[in-house]
Amino acid sequence: MKKGSRQLIGAFAAVALIVGVWWIGSLALQKPLLPTPWLVFARIPELFLAGMFQHLQASFYRVVVGIVLSIMGGFGLGLVMGSFPKWNQFFDPLIYLTYPIPKMALLPIVMLLGGLGDASKITMIVLIVLPQVTISVRDAVREVPNHYYDVYRGLKANRWQQFVAITFPATLPAMFSSTRISLGTAISILFFTENYGTEFGMGYFIMDAWTRMDYPAMYGGILVLSSFGFFLFLLMDFLSWYFFKWQRK
């Protein structure tokens with residue numbers, strides 16, 4: 001059986017398990033706060049017709065912009081730290097001192113400085129993802145064997161040619177892996193930030209449905225947000241598969 005077929009079967013099995021447990025729980029509880037999955041599934045098209053797509057679009061924009069900025073900044077900073085020990089000595093303590101701080105504790109400061117709009121929400125995502133990308137790229141640069149560069153120096157390659165041929169390909173897998181790992185945390189942070197200073201976003205939609213005790217809509221929003229995260233993970237996996245052909249098995 002091919003790897004893709006096994007993954008597809010595994011995905012269907014996981015979904016069936018979650019839906020089965022959910023259905024049994026709703027039957028056992030027999031309360032409106034846990035509707036059956038079939039009721040929630042039937043409600044989702046209605047939610048999109050009522051404007052949920054606009055909430056999903058707002059969340060998608062914030063996540064994508066935050067991830068792109070984190071990758072660009074983290075890659076550049078990690079490259080500098082891995083290539084120049086003096087810069088690494090400066091940035092290492094800075095990252096190690098600030099990264100353990102719970103990011104939700106910084107939310108009031110970020111919102112005071114960046115306002116209540118998209119800027120503060122994107123900044124929170126960057127604060128989550130950028131340090132992980134930076135450290136991963138830094139370590140990947142350090143792990144490149146020196147004799148790789150010696151070969152290209154012997155061929156009279158300049159620094160830019162060495163970077164394109166050796167450093168850049170060596171750091172890409174680490175950059176994608178760290179981004180994929182931090183993606184779930186970034187979506188969780190986005191959920192909380194969208195409860196403040198906005199009327200659009202999946203976080204706002206879910207909490208608004210909860211306060212109105214519209215539980216099918218709340219669960220529908222959770223399912224859509226989960227599917228959105230699942231799509232981003234699949235996208236990262238596809239990009240890794242497409243660009244890193246040497247890692248295919």
From the backbone phi of the range 160-167, what are the Karplus-calculated ³J(HN,Hα) couplings (6.51 cos²θ - 1.76 cosθ + 1.60, θ = phi - 60°) in whole Hz, Gly and Pro given as x?
5, 5, 5, 5, 5, 7, 10, 5
Can you work out D for the range 144-249 in µm² s⁻¹ from Stokes-Einstein, where Rh is the Kirkwood radius over C-alpha pairs, the temperature is 10 °C and the viscosity is 1.306 mPa s?
93
Segment MET104-LEU17, extension gain: residue separation times 0.36 nm, minus the distance between their alpha carbons:
28.1 nm
Top of TYR61, TYR148, TYR204 by mean-square fluctuation, Gaussian network on the chain, Cα under 10 Å:
TYR148
Diffusion coefficient in µm²/s returned for the range 62-210 by Stokes-Einstein, Kirkwood Rh over C-alpha pairs, 37 °C and 0.692 mPa s, is 195
Pair-distance profile P(r), taking every C-alpha pair of the chain, with 10 angstrom steps and integer %
7, 24, 27, 23, 13, 5, 1, 0
Computed ³J(HN,Hα) along the range 236-244: with the Karplus parameters 6.51/-1.76/1.60, θ = phi - 60°, integer Hz and x for glycine or proline, the list is 5, 5, 5, 5, 5, 5, 6, 8, 9
Gap in Å between the Cα centre of the range 37-79 and the Cα centre of the range 168-204?
9
Counting pairs of Cα atoms in the range 33-143, how many percent are more than 24 Å apart?
45
Shape verdict for the range 54-109, please, from the Cα gyration tensor: rounded (a/c under 1.5), prolate (a/b greater than b/c) or oblate.
oblate
If you count only protein heavy atoms with a 1.4 Å probe, what accessible area per residue comes out for the range 48-136, rounded to a whole Å²?
53
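The values are calculated or read from the model by the stated rules, or taken from the named source; none is laboratory data. Please read these numbers as outputs of a predicted model, since none were measured by experiment. Accessible surface areas use protein heavy atoms only, side chains included; no ligands, DNA or RNA. Shrake-Rupley method; radii C 1.70, N 1.55, O 1.52, S 1.80 Å.
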